[in-house]
Amino acid sequence: MLRYFTAGETHGKCLTVIVEGMPSGVKISIDKINEQLKRRQKGYGRGGRMAIESDTAEILSGVRGGFSLGSPIAIKIENKDWQNWEKIMGAETANSERTVDCPRPGHADLTGGMKYNHKDFRNVLERASARETAARVAAGALVRQALEPFGIEFLSHVKRIGEVEDTADVNETDFFERVSESPVSFGDETAAKQAMEYIDKIKADGESCGGVVEIIAKGVPAGLGSYVHYDRKLDANIAFSVMSVQAIKGVELGMGFGVSEVSGSRVHDEIKYKNGFSRMTNNAGGIEGGMSNGEPIVVRAAMKPIPTLYNPLRTVNIKDKSEHTATVERSDVCAVPACAVVVESVVAFEITKAFLDKFSGDCIDDVKSYYDVYMERISKF
Ligand code: EPS
């Protein structure tokens, strides 16, 4: 079973991720991991930190000569900012500079402090920070390489930033090229301009903003996941992993909440047959009964505004319980384009996991054999 663990604090020495369950013989490119890490660092509205970091993966184990060994794969991403924080964050000696006393509304600070008995909220925020998502992107970028020979690809874009929606059609031929060049990962240039003006205004007001991201997985064969086991349902596992991303407050598949507003005939995708089964529409977002149905998998996620406001909200000082404004930490005004890359990565991880569960094998050649037999059988169904 494919799984991963991350370790690391935002201003600690480095981030680490251990991925376990990759079959042997998968061709691994470190450049492909670094490409995704670079994508995650981009986006209009980010704070000062991204100018300091240039996230790069170092593979410490589990890969030899460009191929996975079947053993756990450990990846390290250095925090360049560590040199500015060593005295504050050191494992053996740490001083009390930069203590955080006034928890930010909307952040893990207060409840995390109560739960782990940390009176300095820095001990919470250092781990709760979205910096950890760099490790998750590395994990996703690593494992999705196992799916490349099977023609499965993952795409993402930003659908909304605060009040500004991108209404461009994802099916336009050059849509994702425009997205990759857009500072806000929009397909429509006019809307992108409006989104950037919106971010400027939000920043000037000492505010932050969220948005909606959309992920599309293409080439996923029918039958990943399960209708039999609640805990193997593909939509359930995707929703879990997306919801586990920092700042995500909502997840939708296909039509999502829209299914509640119209009658059944306008929701359910009619079936046709031409060299195999397909659907006439894709309101289900590629998943029916907890299983992929062969159509593209479409996932949307809502990101809340980042809780650090330069014009801070009211809170209470932990020391004397007096009314106070929240502590201001350096942060991003808008990280929605980065969030799209993170959600794309966790969706890629989940789909790779479901793929390797279905076509389970210790080496990629066995996986390929099981895949071929299955595809041959369902092509004649
Ligand atoms: C982030 C690094 C962090 C934040 C951001 C994401 O760096 P720093 O705290 O040093 O500025 O910019 O995290 C948050 C917005 C948050 O609320 O934790 C990154 O690498 O993406």
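Rounded to the nearest 10 degrees, the angle from helix 133-143 to the longest Cα principal axis of the chain is 20 degrees. Taking a ≥ b ≥ c as the square roots of the Cα gyration tensor eigenvalues, the stretch 57-132 comes out prolate, since a/c reaches at least 1.5 and a/b is larger than b/c.
Taking only Cα atoms, what is the 0 to 90° angle, nearest 10, from helix 189-204's long axis to the longest principal axis of the chain? Once rounded, one gets 20 degrees. Count the net charge of all other residues whose Cβ sits under 12 Å from the Cβ of Ile52, scoring Lys and Arg as +1 and Asp and Glu as -1. Its environment carries a net charge of +1.
Applied to the stretch 213-226, the Karplus parametrisation 6.51 cos²θ - 1.76 cosθ + 1.60 on θ = phi - 60° returns per-residue 3J(HN,Hα) values of 10, 10, 10, 10, 10, 10, x, 6, x, 5, x, 7, x, 7 Hz, with x for Gly and Pro. Among rounded, prolate and oblate, which fits the stretch 81-213 when a ≥ b ≥ c are the square roots of the eigenvalues of its C-alpha gyration tensor, a/c under 1.5 means rounded, and a/b larger than b/c means prolate? Cα axes put the stretch 81-213 in the oblate bin. Annotation for Leu60 and Thr173: the two label points, set 7 Å from Cα along the Cα-Cβ direction, are 4.7 nm apart.
In order along the stretch 329-335, the Karplus-derived 3J(HN,Hα) couplings, from 6.51 cos²θ - 1.76 cosθ + 1.60 at θ = phi - 60°, round to 9, 3, 7, 9, 7, 9, 10 Hz, and Gly and Pro are given as x. For the stretch 300-381, lysine pairs with C-alpha atoms less than 27 angstrom apart, excluding pairs fewer than eight positions apart on the same chain, total 5. Working ranking of peptides 362-372, 6-16 by packing, defined as the average number of other Cβ atoms within 10 Å per residue, highest first, is 6-16, 362-372. Entry comment: accessible area of the chain is 50 Å² per residue, from protein heavy atoms only and a probe of 1.4 Å. Calculated mean residue ellipticity, 222 nm, the chain: -9500 deg cm²/dmol, from DSSP H runs (n ≥ 4) at -39500 (n - 2.57) each, averaged per residue and rounded to 500. Only aspartates and glutamates eight or more places from Lys193 in sequence, or on another chain, were considered; those with a Cα closer than 14 Å are Glu163, Glu165, Asp166, Glu181. The translational diffusion coefficient of the chain, from Stokes-Einstein at 10 °C and 1.306 mPa s with a Kirkwood hydrodynamic radius over alpha carbon pairs, comes to 72 µm²/s. Helix 30-41 and the long axis of the chain differ in direction by around 50°, with both axes built from C-alpha atoms. For the stretch 301-357, just say rounded, prolate or oblate: build the C-alpha gyration tensor, square-root its eigenvalues into a ≥ b ≥ c, call rounded for a/c under 1.5, and beyond that prolate if a/b exceeds b/c, oblate if not. Prolate is the answer for the stretch 301-357, as a/c is 1.5 or above and a/b outweighs b/c. In a DSSP loop and with at most 15 other Cβ atoms within 10 Å, the chymotrypsin sites (Phe, Trp or Tyr not before Pro) in the stretch 155-248 are Tyr227. The average projected area of the stretch 16-84, computed from the convex hull of its Cα atoms over all directions, is 5.2 nm². Calculate what fraction, in whole %, of the accessible area of the stretch 3-379 sits on carbon and sulfur atoms when a 1.4 Å probe is rolled over the protein chains. The computed percentage sits at 51. In order along the stretch 363-373, the Karplus-derived 3J(HN,Hα) couplings, from 6.51 cos²θ - 1.76 cosθ + 1.60 at θ = phi - 60°, round to 10, 5, 5, 5, 4, 4, 4, 5, 4, 4, 4 Hz, and Gly and Pro are given as x. In this label model, Lys272 and Asp205 are separated by 4.6 nm, measuring between points 7 Å along each Cα→Cβ vector.
The values are calculated or read from the model by the stated rules, or taken from the named source; none is laboratory data. Worth saying up front: this structure is predicted, and the values here are computed from it rather than measured. Note: ideal-geometry Cβ built from the backbone for every residue, glycine included; neighbour counts use all protein chains shown. Accessible surface is based on the protein model in full, side chains and every heavy atom, while ligands, DNA and RNA are left aside. Shrake-Rupley method; radii C 1.70, N 1.55, O 1.52, S 1.80 Å.
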